[in-house]
Structure formats: C-alpha cells, structure tokens
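See structure below.
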Amino acid sequence: MRASVRSKKFLRLFVSYAILTFVAMAIIYPLLWTIGASLNPGNSLISTTLIPNNPTFDHYRELFAGKESLPYARWYWNSMKISFFTMIGSVISVSFTAYAFSRFRFKGRKNALTLFLLLQMVPQFSALIALFVLAQMLGMINSHWLLILLYIGGQIPMNTYLMKGYMDSIPRDLDESAKIDGASSTRIFFQILLPLSKPMIAVVAMNGFTGPLGDFVLSSAILRTPDAYTLPIGLYNLVNEVMGASYTTFAAGALLISIPVAIVFLMLQRNFVSGLTLGGIKG
C-alpha cells in the first residue's frame with residue numbers, strides 16, 4: 001500500500017517537474033536566441049547562432065546613434081510615457097470602479113457587470129475603424145494622450161473584475177466599524193480598502209504598464225509619423241523593409257524593452273503573486 005502511494009506521489013512530481021521544465025525551456029530558449037541574434041554581426045538571421053562567434057554590441061550602439069531613420073530613443077521615451085500614464089490612470093479608474101461595484105448596490109449594477117464581461121470578449125481590432133474616425137474627428141491623430149485614454153478605457157473591464165473580486169474578500173465589518181466611528185465612504189475607501197488592496201493594485205499597475213508596450217494594432221492606427229511612434233511600431237518597421245530589414249538590430253531593440261518591464265515587475269513582485277491568486281475569490 002505504501003509502495004503504491006509512493007509511486008503515485010513520485011509520478012505526480014515527475015509529471016509536474018516535466019511540465020515546468022518544458023514551459024521553462026519554451027520561454028528561455030527563444031530569449032537566448034534573441035540575445036544571441038542581438039550580439040551577432042550583420043543584419044541577417046541566416047548566419048545567426050545561439051552563441052555568437054564574434055559577438056558585438058554594434059547593434060545596441062546603432063539604436064542610440066541618433067540617426068533620423070532610427071530615432072529609437074524617441075520611440076523608447078514615447079512608450080515609457082504612454083505606459084506610465086496608462087498605469088497611473090488605470091489604477092485610479094479601476095480602483096474607483098471596483099469600489100463602487102463591490103461596496104454599493106445601485107440600479108443597473110448587474111447589467112453593468114454583464115456589460116463589462118461582454119466587452120472583454122470583443123477583440124480590440126473590431127473597433128479599430130471607429131477609433132480611427134474618432135481620432136480624426138477630434139483632430140488627435142498622432143496624439144499620445146488620446147492613445148493613453150483609449151488604453152485606460154480598455155483596461156477597465158478586465159481589471160475591474162479582478163479588483164472587485166479582491167475587494168469582495170475584504171470583510172464588510174471593517175466598513176461598518178469605520179462608519180460607526182463617523183468615517184465617510186471616501187475615507188473608508190482611501191484609508192481602509194486601498195491599503196488592504198495593495199496586492200491587486202500591483203496587478204492592475206503591471207497590466208497597465210505592460211499593455212501599451214505590447215500593443216501594435218491600436219497604436220499603429222493612431223500614430224502616423226515616426227516622431228510619434230512607440231517601440232512596437234518603430235521596431236516593426238525595422239524588419240518590414242524588404243531590402244533593408246535588420247533583424248539583429250530588431251533583436252537588440254526588443255531586448256531593451258524588457259528592462260523597464262523587469263524593473264516594474266521586481267518592484268511589484270511581492271504583491272503581484274498574492275493579488276493575482278486572490279483576485280478571483282469572489283465574483
């Protein structure tokens with residue numbers, strides 16, 4: 001009997017570690033190839049090797065050489081600005097929205113939650129034409145602020161569900177005790193719920209920061225000139241040219257995007273894991 005239990009436990013552990021190893025390799029192997037490509041001389045991937053024979057940092061220097069045809073520093077700044085303000089706006093808007101749905105009962109509440117759920121199922125590109133026409137009507141083509149507002153609006157449905165679920169797990173007794181002591185709803189929100197919701201705020205902040213960095217479809221519809229480009233658009237143009245495609249420079253530029261993402265993740269890591277696991281406790 002004990003041998004059977006041990007064998008089943010060993011089999012479960014073996015399968016678990018095998019899956020983890022496979023997932024780790026699926027993530028690490030492409031990353032190593034990207035690093036190798038960024039250090040390989042030349043522009044083609046045909047002669048690229050995982051471990052370069054003659055590694056060079058010329059592609060990284062080329063990104064910041066200040067060429068008019070490759071304003072990488074400008075693209076980097078545009079992306080960081082858009083990501084930062086999207087993160088701030090998402091945290092503020094989602095916090096208020098989730099608090100309203102979690103702690104108040106009002107007419108249309110269930111219908112609004114259902115609408116949020118349906119909005120998550122609609123692909124972003126389905127509204128692309130309408131958003132482009134809106135940008136033209138407002139005269140905000142190439143406007144980063146319009147793009148930020150669109151990103152914030154797109155973050156609200158999904159993140160509201162996550163934060164609402166987390167706030168639902170916070171006992172209402174805390175609210176009632178604070179009200180007995182004379183605290184208003186605003187004070188309860190800022191001094192009780194927000195401090196207790198730090199894990200989920202970290203999740204929303206991470207989603208808000210990384211979302212714009214990975215978006216190409218919406219940003220390419222709004223931003224039309226090279227000075228206004230974000231990193232996804234600018235890097236895409238590096239490999240879109242038939243004769244002048246530079247895949248190794250693209251690899252170097254893509255790796256540099258991960259630096260601010262890694263920094264934000266490390267800053268929020270402690271809260272990020274617990275917030276993501278606890279956000280789905282209640283609907």
Going from most exposed to least, what order do R270, R187 have by accessible area with a 1.4 Å probe?
R270, R187
Of the listed links K107/K198; K110/K198; K81/K164; K67/K198; K81/K198; K110/K179, those spanning more than 31 angstrom between alpha carbons are K67/K198
What figure, in Å² to the nearest 10, do you get for the accessible area of T114 with a 1.4 Å probe and non-protein molecules left out?
70
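Counting heavy atoms of the protein chains only and a 1.4 Å probe, report the per residue accessible area for segment 1-116 as a whole number of Å². Walk me through the intermediate numbers first.
Working: 8080 Å² over 116 residues.
About 70 Å² of surface per residue is accessible.
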Under the helix-only model (-39500 (n - 2.57) for each DSSP H run of 4 or more, divided by the residues of the chain), the mean residue ellipticity at 222 nm, to 500 deg cm²/dmol, is -24000 deg cm²/dmol
As a test question: what accessible area, to the nearest 10 Å², does D173 have when a 1.4 Å probe is rolled over all protein chains in place?
100
Would you please put 179-185, 261-267 in order of how densely packed they are, using the mean number of other Cβ atoms within 10 angstrom per residue and starting with the highest?
261-267, 179-185
The chain - percent of accessible surface contributed by carbon and sulfur, probe 1.4 Å:
68
With N denoting the number of residues in segment 1-60, provide Rg(C-alpha) divided by 2.2 N^0.38 Å, to two decimal places.
1.92
From the protein chains alone at 1.4 Å, what is the descending order of accessible area for Y17, Y76, Y161, largest first?
Y17, Y161, Y76
Measure nothing fancy, just the Cα-based angle from helix 144-168's long axis to the longest principal axis of the chain, in degrees from 0 to 90, nearest 10.
40
Exposure rank, largest accessible area first [M87, M158, M140; 1.4 Å]
M158, M140, M87
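Using the Cβ atoms and a cut-off under 10 Å, what net charge is assigned to the surroundings of T248, where Lys and Arg are +1 and Asp and Glu are -1?
-2
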Whole percent per 10 Å bin, from 0 to the bin with the longest distance: what is P(r) over all C-alpha pairs of the chain?
6, 21, 25, 23, 15, 7, 2, 0
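The values are calculated or read from the model by the stated rules, or taken from the named source; none is laboratory data. Values in this document were obtained by computation on a predicted structure and should not be read as measured data. No Cβ is skipped: glycine too gets one built from the backbone with ideal geometry, and neighbour counts run over all protein chains shown. Note: accessible area is taken over every heavy atom of the protein model, side chains too, but ligands, DNA and RNA are not part of it. Shrake-Rupley method; radii C 1.70, N 1.55, O 1.52, S 1.80 Å.
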